[in-house]
Every structure is written in structure tokens, then in C-alpha cells.
Amino acid sequence: MQISRSPGARRLSAALTGGALLAGTLAAAPAVAAPPAVASPATATTAAEACGADDGLPDSKISIQLFTHVGELGFGTPSPETIDRVLGEVANAGFTNIEPFSQPYSMPVDDYQAILDRHGLEVSSSHGSTDWDTWPETVAYAVALGQDYIGTGGMAGNYGTYEEALATAEYVNRLGRYAHENGANKIALHNHQSEFTTRYPHPETGEMVSAWQVIEENTDPRYVTFQLDVGWAADAGIDVPAWIEEYGDRIELLHIKDAVNVDAEGDPRQVALGNGDIDLPAIIAAAEPYVQYYTYEWDYAPSFESSAESYRYLRCYLADGGGGDQCADEDQESLALGRPVTTSSIDDPARTGEMAVDGNAGTRWGSQWSEPEWIAVDLGASYDLSRVVIDWETAFASGYEIQTSPDGETWTTVHTVTDGDGFFDDIDLSGTGRHVRLYATERATQWGFSLYELEIYGTPSGEEPAPEPVARGAGYWSSEYRQVRNPDYTTDELLCFLITTRAQSDVFDEVVDLTTLDDAVQVLWAPRHDGWVDAIDRQLLAVWLNVAAGSVSLEDPIVGGTTVGDLLAAIEAARLDAGTTRADLKEYKDALEAVSARH
């Protein structure tokens with residue numbers, strides 16, 4: 001996947017910290033007194049002022065899981081001063097609802113409520129212990145705060161076997177019934193990947209079912225609901241909009257997160273909402289009839305600014321497409337992609353230099369824990385450079401140089417950074433060379449230097465031939481496609497997209513019959529479909545791009561004795577028929593998924 005950011009854009013991201021999953025039970029710290037009620041009202045956010053009342057989700061449905069800022073809060077009961085500071089920042093970011101973790105705190109509930117009131121915040125739900133012995137205390141604390149949902153960071157029990165999943169469902173029913181009968185609404189269960197990847201045969205039907213499905217089937221909807229974490233579900237291979245369509249009446253809360261490198265080799269990496277691979281507009285559209293709270297979460301988020309950006313996405317995404325840039329580097333891809341790399345060192349055989357130019361946002365190069373260290377790319381020909389993009393891991397360089405060379409021996413510095421802050425560095429520069437080197441001179445951490453991707457942009461210089469383009473397969477085209485998030489494009493934006501992905505090939509134009517760009521808009525992505533049909537459009541476009549790339553042939557046979565070409569023609573006709581229903585399209589959706597799975 002290429003980052004493809006517009007010049008000067010800065011997107012925040014951070015590696016998932018090992019073990020940074022919400023725990024079911026977290027130790028509480030000793031009780032401390034709340035701070036005096038000093039008048040310190042949160043500064044009113046201006047995030048929503050640029051969009052209308054109907055552009056996104058209302059504030060009443062937007063919440064934030066405080067594990068997003070566990071780096072500031074710590075575990076257990078934070079100090080009153082820390083809670084006050086963090087909740088003030090959360091309110092400044094725009095949120096009016098929060099979802100605490102490790103609740104109930106040792107802090108008296110009245111003291112906690114006073115801090116909430118000072119910042120105009122309410123508790124939508126919570127994560128905490130589900131131990132039966134302390135459950136009455138947990139419920140009483142939640143009821144005192146006026147929250148409807150009492151949650152947990154998991155399923156509140158084991159599910160390694162079918163029998164264990166049944167036992168967990170029975171226990172959760174007991175918890176939920178107690179909560180319901182004592183002033184709360186329901187208990188909400190939260191997933192990671194394993195609830196979907198743990199599967200066993202159903203004892204009656206023999207059908208393979210997931211742990212999530214077993215627990216859902218055997219819990220009482222009067223007392224138990226689910227908080228679907230869309231990020232972990234997507235990484236487990238779940239079609240999240242379709243899952244919500246099927247189980248929506250049991251899903252009253254969402255954990256909304258975004259990430260790159262989802263359901264792919266390597267770990268996903270969380271980013272601010274609207275900047276990743278997860279199809280949030282389709283998820284939100286599917287969830288609208290069912291979900292009461294859309295709770296943003298980014299485990300160990302790098303800053304409160306990233307939370308403000310994510311709040312704006314939820315509040316305004318229909319107005320501005322989530323704030324993401326729609327088109328950058330429209331005439332080329334990274335020159336470094338797939339090119340030969342040399343490095344000064346590596347810290348692990350699994351983190352070689354090639355992994356920084358492989359287009360996979362989940363793999364990285366890491367150096368020894370020393371300085372200076374460097375990574376150099378042979379572009380294969382001389383280029384006049386215009387831009388370099390660096391996607392840093394946690395171990396970033398606060399000081400470094402970008403250097404060029406005609407031969408890989410003699411280097412010229414064309415850009416120097418002395419105050420690097422990690423995350424993404426998007427640098428405009430000028431220089432000429434066949435070789436480009438990132439020469440890191442100052443570590444920002446105790447570790448070495450590590451980066452996920454190094455992208456280089458420019459145009460050929462002199463008469464030297466440009467390198468042959470790297471062969472592209474289905475995964476590449478799908479990845480490029482997923483970076484374009486707003487379904488309602490203008491003609492110019494669609495043209496930009498088509499050029500960026502090199503989709504306007506002779507094959508593509510001939511097959512889809514794109515006489516004009518207006519035709520392209522209509523055929524490829526008719527605007528203002530509902531979310532379910534929009535998902536069909538996205539799958540259809542991904543297959544067409546694979547045809548354009550040459551990784552899928554129109555003559556490829558599919559089930560039923562027809563071909564990919566026949567399938568695409570039939571879907572195009574059905575999509576453009578105003579009388580087509582969801583049922584009519586369901587068989588096509590399944591067929592498109594089958595084609596994609598084979599490539």
C-alpha cells in the first residue's frame with residue numbers, strides 16, 4: 001500500500017503496542033481526594049462549526065473510549081489531577097460522551113461526577129471487571145453515573161471450545177440480568193479478532209460457527225448486547241457492514257477505529273478515523289438503524305490532536321469526506337517501491353531494508369541501537385526529486401538528512417531535519433540522483449531507527465531510461481482503491497483517482513465503455529446509493545481494476561459455466577436498473593467475493 005499523501009499533509013499513526021488490548025479486570029489504585037472545583041471550563045471546540053447539523057453523527061451518539069489515551073491515564077485509578085487534565089483535553093477535542101476503562105474507579109463516584117460535570121461530559125458506557133463478587137459495586141457505580149451500558153473489554157469468559165462459549169453466555173446472561181434489574185440497561189460485550197477466528201462445529205447443524213456467534217445465539221437480548229469493534233473484526237476477515245446487516249439487532253454499540261494493513265500479513269496499525277483502509281462510511285450506514293453509540297478508539301493514540309481529527313470525522317464526514325486527501329501524486333507512484341535497498345545495519349532478520357519499500361504498511365526496517373544509521377534506495381535511473389515521505393515506527397529519528405548520489409558512493413545532502421517528531425514526515429525537496437539515502441543522525445528514543453515505508457517521488461532526468469514498472473496484482477489494486485474513502489466524487493476527483501491507479505488503460509476503457517468522464521462516474525460509482533448497494537459498487541470497482549491490471553481476465557471461468565466478463569456485464573446492467581432490489585444484487589455480491597478470493 002502506498003501512503004499517497006498530498007504535499008505537506010501530516011497524518012498521525014502509531015504502532016500497536018504489544019498487549020495493548022483492553023483487559024477484563026484492571027487493578028484499582030488507592031483512593032485519593034478529588035481536586036478542588038476550580039473553574040476551568042473546557043474550551044468550546046470549533047470542529048463542528050464547519051459542517052451542518054445533518055452532515056455526520058450527532059454529538060449525542062459520539063463517544064470516546066478512554067483507553068485511547070491510556071498513555072496519559074495509566075491503569076487503575078488515575079490521580080484526580082490526571083483525570084481532570086485528560087477529560088479536559090477530550091472535551092476540547094469535541095467529545096461530550098466518554099467510555100472509561102477500569103471502572104469502577106477507587107475514586108468516590110461523586111468526585112468523578114464532579115470532574116465530568118466540570119467538562120460537560122457524560123458516560124455512555126464503560127469497560128471494567130465482570131467478576132461476580134464485585135459486580136454489584138460495578139453496577140451501582142454505573143447507575144450513579146447515569147449510564148445505560150456496562151461493558152467489558154472482552155466476552156467476560158472463555159470460548160476456546162464450544163462448551164466454554166456456552167458457559168460464558170450463561171454467565172453473561174446472569175451479569176446482564178442483575179444489571180438490568182438494578183437500574184442499568186444491559187451489559188455490552190466487546191470483541192477482538194479471536195472471537196471471530198475461533199470456530200467450531202455447531203452440535204446440531206455441523207456448520208462451523210464462531211465464538212461470537214455462539215455467545216450471541218445463547219444470550220438474552222433483554223440483558224446482553226454487543227459492542228462490535230470494527231477494527232478487530234475487519235482484521236479477522238469479517239465483512240463488517242454485512243455482519244451488521246445480519247446481526248444489527250444485537251449490536252447497540254460500536255468501537256469505531258481505523259487502521260492500515262488490515263486483514264493482511266503483519267499487524268494492523270491504527271490511524272485517525274478516515275485515514276485507513278476500513279470502510280467507515282459503509283459501516284456507519286449499516287449501523288444507523290441499530291447503534292446507540294459510536295465510540296472512537298485508538299489504542300495508545302499519539303496525541304489529543306488525533307482524537308480531535310477523529311471526532312471531526314464522525315461529526316462531519318458527510319460534509320468533507322472525513323477530511324482525507326482524495327488525490328495526491330496523481331501522475332506517479334513511489335519510485336522506491338520494490339527497488340533494491342542497502343542499509344547500515346538491521347536489528348532483526350525479520351526487519352530488513354526491503355520491508356521499507358514493499359508497499360506493506362505492516363512491515364518495517366529496523367536498525368541497530370546506535371547512530372548514525374542509514375537506509376539507501378537504488379531507483380534504477382536518475383531522477384529529479386520532488387518529495388520524500390517517511391512513515392516512522394515508534395523508534396524515529398529526531399535528526400536526519402535526505403541525501404542523493406549518482407553512484408551510491410558520493411552523497412549530497414538535499415534536506416536536513418533537526419526537530420523531527422515521528423509519525424509521518426512529508427517533505428518537499430529538490431535534488432537529482434539515482435540513489436537516495438535517509439541518513440539518521442539523532443535517535444529520539446533509546447532504540448535505533450525504524451520505519452514502515454520510505455516513499456520517493458520525482459521525474460526522470462536526462463536520457464536515462466526509467467525503470468520498468470513493478471508488476472501489480474489484485475492485492476495492490478485493492479489496496480490503492482481502499483485509500484479513496486468518499487463515495488460521492490466529482491468528475492475531477494474520479495479522473496484523479498483513475499490516473500493515480502493507472503486504471504484508464506485501453507482494456508479498462510474498452511470493457512466499461514467509458515466514453516466520457518460522466519460515464520465513468522455513472523458506471524463506476526453512482527452516488528447516493530444506500531450503504532449496502534455502495535458496498536457492491538466498491539467490490540465491482542475493485543474487480544474492474546484487477547482486470548485493468550491484468551491480474552484478472554475477462555475469460556476466467558466462474559461457477560455456473562460463465563466468465564468474469566459475463567458476470568461484470570450482468571452486474572452493470574442490474575446496478576443501473578432503478579428497479580433492482582437488494583435481493584437481486586445479493587447473488588452478484590457473493591460472486592464478486594468469490595472472484596476476489598481467487599485472485
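The values are calculated or read from the model by the stated rules, or taken from the named source; none is laboratory data. Keep in mind that what you see is a predicted model, and the values were worked out from it rather than measured. Calculation scope for accessible area: heavy atoms of the full protein, side chains included, ligands and nucleic acids excluded. Shrake-Rupley method; radii C 1.70, N 1.55, O 1.52, S 1.80 Å.
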| request: Identify all lysines with a Cα-Cα distance to Lys589 below 29 Å; exclude those on the same chain that are fewer than 8 residues away in sequence. | output: Lys257
| On the accessible surface of the stretch 323-458, probed at 1.4 Å, how many percent belong to carbon and sulfur atoms? | 45 percent
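At 1.4 Å probe size, with the rest of the protein present, what percent of the exposed accessible area of the stretch 82-214 is carbon and sulfur atoms?
45 percent
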